[in-house]
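Remarks on the structure that follows.
The values are calculated or read from the model by the stated rules, or taken from the named source; none is laboratory data. Just so you know, these numbers come straight off a predicted model, no measurement behind them. Note that each Cβ is placed from the backbone with ideal geometry, even for glycine, and that neighbours are counted across all protein chains shown. For the accessible areas, the whole protein counts, side chains as well, though only heavy atoms, and no ligand, DNA or RNA atoms are used. Shrake-Rupley method; radii C 1.70, N 1.55, O 1.52, S 1.80 Å.
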Amino acid sequence: IRLERSPSNLGAAGGRNFGMAMAQGEILIFIDDDAVWHQRNDVRRILDLMESHPKCGVVAMHSLHPKTHQPIMTEFPHPNKDYLLGVTTPTEIPYFYAYGNALRADVLKITGGYPERFGIYAEELDLSLRIIEAGYTILYDPQLAVYHHKSNLGRPVQGDHFWRVNTLNKSRMACRLLPYPYPLTTMAAWSFRTLYKTK
């Protein structure tokens, strides 16, 4: 175990990039500071899945409520949350969340890391699209999960600011990576949602 400290708080995206730049392994496994593995063999399963699927750039998982042991539906890495409830085998999905995941180091050499100007929110979506564009897949394994002790400690983006940052970052992502008219529809949808949420 090697502890490295950054010279300053780099934010979620910058902090992960800081760690990835120093990592020497072929598979980079991440878990958030407020999450724990749900089973002792989770990491072993990640490595086996990566080995058996050479075009898998990311292994994704779901999160569980630490008290109820039920999936946190809002954190399912798929736009159709109910769809993932019925998945029983590793399945391709369009994006991942960073509370627990694994990335293939060779893929990151092609795509680059997280967009640091995003700070937090939508940074995983941006990287997900670049990984898929590079010809790799994101695999969701229903047997993998973390217990997510969700905490706002250390999160500078909360309340109304949460909605403004989400709108800005999702619009940035859409303009950079999505074809027309999706940048316009993304900006419009998130702007209206933010106006409604923040009044």
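What residue, among those in the stretch 142-182 that are touching a Lys or Arg at 6+ places or on another chain (Cβ under 8 Å) and touching a residue at least 60 places away in the same chain (Cβ under 8 Å), is surrounded by the most Cβ atoms within 10 Å (Cβ to Cβ)? Please lay out each step first, then the result.
Step one: filter the stretch 142-182 for residues touching a Lys or Arg at 6+ places or on another chain (Cβ under 8 Å), giving 143-144, 160, 163, 167, 172, 177.
Subset that is touching a residue at least 60 places away in the same chain (Cβ under 8 Å): 143-144.
Working: Q143: 14, L144: 24.
Once the filter is applied, the top-ranked residue is L144.
Would you tally the residues in the stretch 79-94 being in a loop (DSSP other than H, G, I, E, B) and surrounded by fewer than 19 Cβ atoms within 10 Å (Cβ to Cβ)? Step through it out loud before you land on a result.
Step one: filter the stretch 79-94 for residues in a loop (DSSP other than H, G, I, E, B), giving 79-80, 86-90, 93-94.
Filter once more, so that each one left must be surrounded by fewer than 19 Cβ atoms within 10 Å (Cβ to Cβ): 79-80, 86-89, 94.
The total comes to 7.
Any idea which of T185, T194 is open to solvent by 40 Å² or more (accessible area, probe 1.4 Å), more than 18 Å from the chain's Cα centre (by Cα) and among the β-branched types (V, I, T)? Show your work before the answer.
Values: T194 fails: open to solvent by 40 Å² or more (accessible area, probe 1.4 Å).
It is T185.
Is it the case that Y97 is open to solvent by 40 Å² or more (accessible area, probe 1.4 Å), under 19 Å from L28 (Cβ atoms) and not in a helix (DSSP H, G or I)? I'd like the intermediate steps shown before the answer.
Details: open to solvent by 40 Å² or more (accessible area, probe 1.4 Å): yes; under 19 Å from L28 (Cβ atoms): yes; not in a helix (DSSP H, G or I): yes.
Here the answer is yes, as Y97 does meet what is asked.
Select from the stretch 9-46 the residues that are charged (D, E, K, R) and open to solvent by 80 Å² or more (accessible area, probe 1.4 Å) and write down the one among them that is nearest to Y140 (Cα to Cα). Don't jump to the end; show me each part of the working.
Step one: of the stretch 9-46, the residues charged (D, E, K, R) are 16, 26, 32-34, 40, 42, 44-45.
Filter again for open to solvent by 80 Å² or more (accessible area, probe 1.4 Å), leaving 26, 33, 40, 44-45.
Working: E26: 19, D33: 21, R40: 18, R44: 15, R45: 12 Å.
Filtering the stretch 9-46 for residues that are charged (D, E, K, R) and open to solvent by 80 Å² or more (accessible area, probe 1.4 Å), the one nearest to Y140 (Cα to Cα) comes out as R45.
Does R172 satisfy the criteria of being basic (K, R), closer than 15 Å to P115 by Cβ and within 22 Å of the chain's Cα centre (by Cα)?
On the way: basic (K, R): yes; closer than 15 Å to P115 by Cβ: yes; within 22 Å of the chain's Cα centre (by Cα): yes.
Criteria met by R172.
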